[in-house]
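Inspection log for the structure reproduced underneath, given as structure tokens.
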Amino acid sequence: MESLASLLGTPLPLIQAPMAGVQDEALAIAVAQAGGLGSLPCALLGPAQLEAALQTFATLPQPVNLNFFCHTMAEPDAGDEQRWRDALAPYFDEYGIVPPPMSTAGARRPLDAATVDLLEAYRPRVVSFHFGLPDAALLARIKGWGATVLSSATTAEEGRWLQARGVDAVIAQGTDAGGHRGHFLSVDLALQTGARELVGMLSKTLTVPVIAAGGVGDRADVQALFAAGASAVQAGTAYLLCPEATTSPVHRTALQQTERAAAITNLFSGRPARGLVNRLMRELGPLSDLAPSFPWASQALAPLRAAAEARGRDDFSPLWSGSRPGTLSGRTAAQVTRDLMGVD
């Protein structure tokens, strides 16, 4: 089985996980220059932002992974939105905030043909997906210019599905990974396992390389995942405290609170994601039918999040985190990359 490092031409078998809201190009470039595969989350980028990033990356000798979502875009529902705003009303009152008008601005959107048109002009070497794969015609265009294609699986069934549709490597996203769960064949979270177990299952059944995502906090974690059958690892939380990350002050503080519990929640976007428990999760329950379908939950929360963070509070902030937060605090992205890979 070909390793990820060989497949991509990167010196190290390490991917920096794409993390929307806590990074920009700087983190991706720092990891790439240190020998790993830097990544940029693109689901929230408009065409001008994406093209600016593509222009920057085109000047680099190293590849950078561009990550896109592939969810089916739910139509906003006025009834769902009103129920959500009613649930949030006590918080708006507490902060003296007038709820903003209902809006679809700034929502996470799936890859579309116009975006592929833009990508094709630059032909990025690595493209990855979350929540499955894009339409077959779009995927064929991306593979047609020679891009290496990666996508996340949360179960063995999803891994087999991805391989059958031509991905070059499968990212085994365990329940110990921070951020949005990448499931797309079933919404049953009980089917999902930790990274080490999932890697073990996938590496025995797939012929493409398996990348372990989840529980990557230090070199020992990496070695354990390699021993389980991973060809490479994808680390996200380990980079959140780096100076190159744009992680908010309240998020940085929370990641260093060793007693802080974590849970999978749908409150911040409408789709299950793993983060540190805060006030909203405690008071509404981490998984709730009150939240509108993905991606519409975040718009109403935005002014509450801003007001609380201005007071140094994380009550309404998505504090995405895997199971190993804070283990490499105080290090640059290059140092984290080298520490995880065990190189000087």
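A few remarks follow.
- The charge dipole of the chain, taken about its Cα centre with unit charges on the Cβ of Lys, Arg, Asp and Glu (plus for the first two, minus for the last two), comes to roughly 520 debye.
- Charge context of ALA136, other residues only, Cβ under 11 angstrom, K/R +1, D/E -1: +2
- Beta bridges per DSSP with both ends in the chain, % antiparallel, nearest 5: 20
- Among 276-289, 168-181, the order from most to least packed when residues are scored by Cβ within 10 Å on average: 168-181, 276-289
- With contacts taken as Cα pairs under 8 Å at a separation of at least 6 residues, the chain carries a relative contact order of 20 percent.
- Computed [θ] at 222 nm, deg cm²/dmol, the chain (DSSP H ≥ 4; -39,500 (n - 2.57); rounded to nearest 500): -10500 deg cm²/dmol
- Cα gyration tensor category, rounded, prolate or oblate, for the range 95-218 with a/c compared to 1.5: oblate
- Three-way shape call for the range 142-204 based on the alpha-carbon gyration tensor, with the a/c threshold at 1.5: prolate
- Answer label, with mean projected area of the Cα convex hull in nm² calculated from the coordinates and candidates [x] 16.1; [y] 18.8; [z] 26.8: [x]
- Cα shape, the range 16-56, gyration tensor, a/c 1.5 rule: oblate
- The range 249-312, relative contact order [Cα under 8 Å, separation at least 6], %: 31
Read-outs throughout are calculated quantities, based only on the coordinates presented, and are distinct from any laboratory measurement. Remember, predicted model here, so these are calculated numbers, not experimental data. Ideal geometry is used to build each Cβ from the backbone, glycine not excepted, and the neighbour counts take in all protein chains shown.
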